[in-house]
Amino acid sequence: MLITAGPTWEAIDPVRYIANRSSGKQGFAIAAATAALGAQVTLVAGPVSLKTPKGVDRIDVESAAEMNQAVRAALPADAAIMVAAVADWRPRQYVSEKIKKRGSAPPALMLTENPDILTNLAASEKRPELVIGFAAETEDVIDNAKQKRKRKAADWIIANDVSGDVMGGDDNEVHIVSGDGVESLEQMAKPDVAMALAQRIAQTLSAEAAE
Ligand code: C5P
């Protein structure tokens, strides 16, 4: 099982970065739950201050480029669950000396696109049998997730509404969007969401193995 979690940090200079908001709690909980069910788990983690779950092999990264590399190096895997809130952009140029404040004019930040780790994985020759992405949305949660599933060629997208206090919070309410339709789970603590997902993943992999 290959799992990404947490944010990525995209350095501007030695003291500044841009990032997406992510505590890493849901991804770490999924690593813990799948390991508890007996999976061999590699967790590629962005910068978070969370303890490594029991039995999980953790690889720490900082940027999206590093996460992309670590994910490729961790293949093959039976399933991949991409929970990380990867920064969509990074500064076009890293400035190796701290940028000085100069009068009233703030520096312009030129951005460039990061690799989409999930899309790359779903298109790779070593594609895991089950590729799962997350979709954090603030509106049209399920519709956006359906489109994202197709666009990224993922098997499932786990959609969650982050317009409330999900970010950094202890609870989550998710919808599992797959080729079979949408299963909505009630609001639960993140470890319970993780166990519900881990059980469905285990069932799906064993059903596929039996075919
Ligand atoms: O496009 P969006 O960021 O909403 O997609 C979210 C899903 O895609 C998550 O599963 C996230 O981990 C993954 N993703 C990725 N690499 C990116 C952007 C998103 O793996 N650069």
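The values are calculated or read from the model by the stated rules, or taken from the named source; none is laboratory data. These numbers come from a predicted model, not from an experiment. Cβ atoms come from the backbone with ideal geometry, glycine included; neighbour counts cover every protein chain shown. Side chains are part of the model used for accessible areas, which takes the heavy atoms of the whole protein and leaves out ligands, DNA and RNA. Shrake-Rupley method; radii C 1.70, N 1.55, O 1.52, S 1.80 Å.
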So, with a 1.4 angstrom probe, what is the percent of accessible area on the stretch 47-166 that is carbon and sulfur? 47 percent
Can you grab the distance from the C-alpha centre of the stretch 162-211 to the C-alpha centre of the stretch 66-142, Å, no decimals? 22 Å
Net charge within 11 Å of ILE3 by Cβ-Cβ distance, Lys/Arg positive one each and Asp/Glu negative one each, not counting ILE3 itself? 0
Please report, in Å, the Rg and the Dmax of the chain, where both are computed over Cα atoms only. 17.7, 68
The size of the Cβ-based charge dipole (Lys, Arg +1; Asp, Glu -1) of the stretch 30-183 about the Cα centre, to the nearest 20 debye, is 880 debye
Accessible area per residue, 1.4 Å probe, Å², for the chain: what's the number? 55 Å²
Looking at the stretch 1-64, send over the antiparallel percent of its DSSP beta bridges, to the nearest 5. 30 percent
Under the Karplus relation with 6.51, -1.76 and 1.60 and θ = phi - 60°, whole-Hz ³J(HN,Hα) for the stretch 132-138, x at Gly and Pro, equal 10, x, 10, 9, 8, 10, 10
Divide by every residue of the chain the summed helix terms, -39500 (n - 2.57) for each DSSP H run of at least 4, and state the resulting mean residue ellipticity at 222 nm, rounded to the nearest 500 deg cm²/dmol. -9000 deg cm²/dmol
Got a sec to turn the phi values of the stretch 170-182 into Karplus ³J(HN,Hα) couplings, 6.51 cos²θ - 1.76 cosθ + 1.60 with θ = phi - 60°, whole Hz, x for Gly and Pro? 9, 10, 8, 10, 10, 10, 8, 9, 10, x, 8, x, 10
When each of LYS126/LYS190; LYS126/LYS150; LYS54/LYS148; LYS126/LYS146; LYS51/LYS126 is checked by Cα-Cα distance, pairs over 21 Å: LYS126/LYS190; LYS54/LYS148; LYS126/LYS146; LYS51/LYS126
Sort 1-9, 39-47 by the packing proxy (mean of other Cβ within 10 Å over each peptide's residues), most packed first. 1-9, 39-47
DSSP beta bridges in the chain: the antiparallel percent, rounded to 5, is 45 percent
Report ³J(HN,Hα) in whole Hz for each residue of the stretch 23-40, in order, from the Karplus equation J = 6.51 cos²θ - 1.76 cosθ + 1.60 where θ = phi - 60°; Gly and Pro get x. 8, x, 4, 5, x, 5, 5, 5, 4, 4, 5, 5, 5, 5, 7, x, 6, 8
Taking square-rooted eigenvalues a ≥ b ≥ c of the alpha carbon gyration tensor, is the stretch 142-210 rounded, prolate or oblate, where a/c under 1.5 means rounded and, failing that, a/b exceeding b/c means prolate? oblate
Kindly identify the stretch 97-211 as rounded, prolate or oblate by the Cα gyration tensor criterion: order the square roots of the eigenvalues as a ≥ b ≥ c, call it rounded if a/c is under 1.5, otherwise compare a/b with b/c, prolate if a/b is larger, else oblate. prolate
